Amino acid sequence: MLGTLLHCPRRAEIHAEVLRRHGLPTSASAVRERLPMVWQDMACLTRDLRDRHTHFPGGERAFWHRSLARLCRYLDLAEPSRFASAELWNRFAHADAWSVFPDVPDALTTLRAAGLRLGVIGNWDHRLPRLLDELGLRFDAVIYSAACGVEKPHPRIFRSCLERLGVADPRRAIHIGDRMLEDVEGAEAIGMRALRVERVGERDLDLAHLLRPFLSC
């Protein structure tokens, strides 16, 4: 979903702004360089593709604070306060921190007009349904790892979406994503078709056009 439907162009800047406001001065460029390492580290702290957001005592907010603390260690900063992580949690819970790729609204409208049921699968926490609603993105099923208990590419999260959509035969479903393992291989492992989408910034794409060969099968 992230990198396919929407992106966060000011992710590093927002982190840096909040850290500075809480007495932890840093730059957006330094944050941008280290955030991927933090995400990978947090994934390594869970096993068997269990959802990382709910894995730690204290749940999703504890995960968020622990992630921010690890980022601060990479940046040689002091331990962040709970107020700093709470502010970041709230900033990223709302639409103004995110941007929908330009082709997405028309693509969803076109696919729905063709009679398709639409679902989204994300390695995300419980803020996702409200965020999608604020962004004006409507789906028949919103499946996310914090509710499902496992992350992509675990088969359960894909099957949960198919069940919610009422699709008995996985071959009748297509999963679109930007990652080979999590999206393509995860979907294909349970018999779904899959399409990998690679975006660079806001490079023009037409998801509905890319899907036409699959829809005719």
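Selection of segment 89-105 for residues being in contact with a helix residue (DSSP H, G or I) (Cβ under 8 Å, 6 or more places away or on another chain), assigned to a helix (DSSP H, G or I) and closer than 14 Å to residue 4 by Cα yields only 104.
Sort out which residues of segment 139-166 are part of a loop (DSSP other than H, G, I, E, B), within 10 Å of residue 119 (Cα to Cα) and either modelled with pLDDT under 95 or of a type outside the set (A, V, I, L, M, F, W, C) (or both), and write them in order of number. Break it down into steps so the answer makes sense when it comes.
Within segment 139-166, the subset part of a loop (DSSP other than H, G, I, E, B) is 139-140, 149, 151-154, 166.
Applying the additional criterion that residues be within 10 Å of residue 119 (Cα to Cα) yields 139-140.
Result: 140, single match.
Scanning segment 167-206 for residues that are acidic (Asp, Glu), more than 16 Å from residue 7 (Cα to Cα) and either within 17 Å of the chain's Cα centre (by Cα) or not in a loop (DSSP other than H, G, I, E, B) (or both) gives 182, 183, 185, 188.
State yes or no: is residue 17 among the charged types (D, E, K, R), open to solvent by 20 Å² or more (accessible area, probe 1.4 Å), outside any helix (DSSP H, G or I) and out of contact with any Leu (no Cβ under 7 Å at 6 or more places or on another chain)? Please lay out each step first, then the result.
On the way: among the charged types (D, E, K, R): yes; open to solvent by 20 Å² or more (accessible area, probe 1.4 Å): yes; outside any helix (DSSP H, G or I): no; out of contact with any Leu (no Cβ under 7 Å at 6 or more places or on another chain): yes.
Considered against the rule, which asks whether it is among the charged types (D, E, K, R), open to solvent by 20 Å² or more (accessible area, probe 1.4 Å), outside any helix (DSSP H, G or I) and out of contact with any Leu (no Cβ under 7 Å at 6 or more places or on another chain), residue 17 comes out as no.
Tell me yes or no: at least one residue of segment 157-179 is hydrophobic (A, V, I, L, M, F, W, C), in contact with a Ser or Thr (Cβ under 9 Å, 6 or more places away or on another chain) and within 23 Å of residue 46 (Cβ to Cβ). Lay out the reasoning, then the answer.
Quick first cut of segment 157-179, residues hydrophobic (A, V, I, L, M, F, W, C) only: 157-158, 161-162, 165, 167-168, 173-174, 176.
Adding the requirement that they be in contact with a Ser or Thr (Cβ under 9 Å, 6 or more places away or on another chain) leaves 157, 176.
Narrowing the set further to residues that are within 23 Å of residue 46 (Cβ to Cβ) leaves 157.
Checked segment 157-179: at least one residue is hydrophobic (A, V, I, L, M, F, W, C), in contact with a Ser or Thr (Cβ under 9 Å, 6 or more places away or on another chain) and within 23 Å of residue 46 (Cβ to Cβ).
Take the conditions (1) more than 30 Å from residue 175 (Cα to Cα); (2) open to solvent by 70 Å² or more (accessible area, probe 1.4 Å); residue 75 misses just one of them, which is (2). Listed by first and then second residue, the pairs with beta-carbon distance under 8 Å, at least 6 apart or on different chains, first residue in segment 72-84 and small (Gly, Ala, Ser), second open to solvent by less than 20 Å² (accessible area, probe 1.4 Å), are 78/24; 78/72; 84/18; 84/19; 84/24; 84/68. For the criterion of being open to solvent by less than 30 Å² (accessible area, probe 1.4 Å) and among the aliphatic types (A, V, I, L, M), residue 197 passes.
For residue 66, the stated conditions do not hold, so it cannot be described as assigned to a loop (DSSP other than H, G, I, E, B), of a type in the set (Lys, Arg) and open to solvent by 10 Å² or more (accessible area, probe 1.4 Å).
Residues satisfying the criterion are absent from segment 74-88 (criterion: within 18 Å of the chain's Cα centre (by Cα) and among the basic types (Lys, Arg)). Residue 52 passes every criterion in (1) surrounded by 14 or more Cβ atoms within 10 Å (Cβ to Cβ); (2) modelled with pLDDT of 95 or more apart from (2). Selection of segment 1-48 for residues being among the hydroxyl-bearing types (Ser, Thr, Tyr) and more than 30 Å from residue 121 (Cβ to Cβ) yields 26, 27, 29.
Give the number of residues within segment 92-123 that are closer than 13 Å to residue 11 by Cα, of a type outside the set (Ser, Thr, Tyr) and open to solvent by less than 70 Å² (accessible area, probe 1.4 Å).
At the first step, the residues of segment 92-123 found to be closer than 13 Å to residue 11 by Cα are 92-99.
Among the residues that remain, those that are also of a type outside the set (Ser, Thr, Tyr) are: 92-98.
Then drop every residue that is not open to solvent by less than 70 Å² (accessible area, probe 1.4 Å), which leaves 92-95, 97-98.
Residues that pass the stated criteria total 6.
Considering (1) surrounded by 12 or more Cβ atoms within 10 Å (Cβ to Cβ); (2) over 18 Å from residue 92 (Cβ atoms), the lone condition that residue 40 does not fulfil carries the number (1).
The values are calculated or read from the model by the stated rules, or taken from the named source; none is laboratory data. Remember, it's a predicted structure, so these values are computed and weren't measured experimentally. Every residue, glycine among them, receives a Cβ derived from its backbone with ideal geometry; neighbour counts consider all protein chains shown. Protein only, heavy atoms only, side chains kept; ligands, DNA and RNA dropped before computing areas. Shrake-Rupley method; radii C 1.70, N 1.55, O 1.52, S 1.80 Å.
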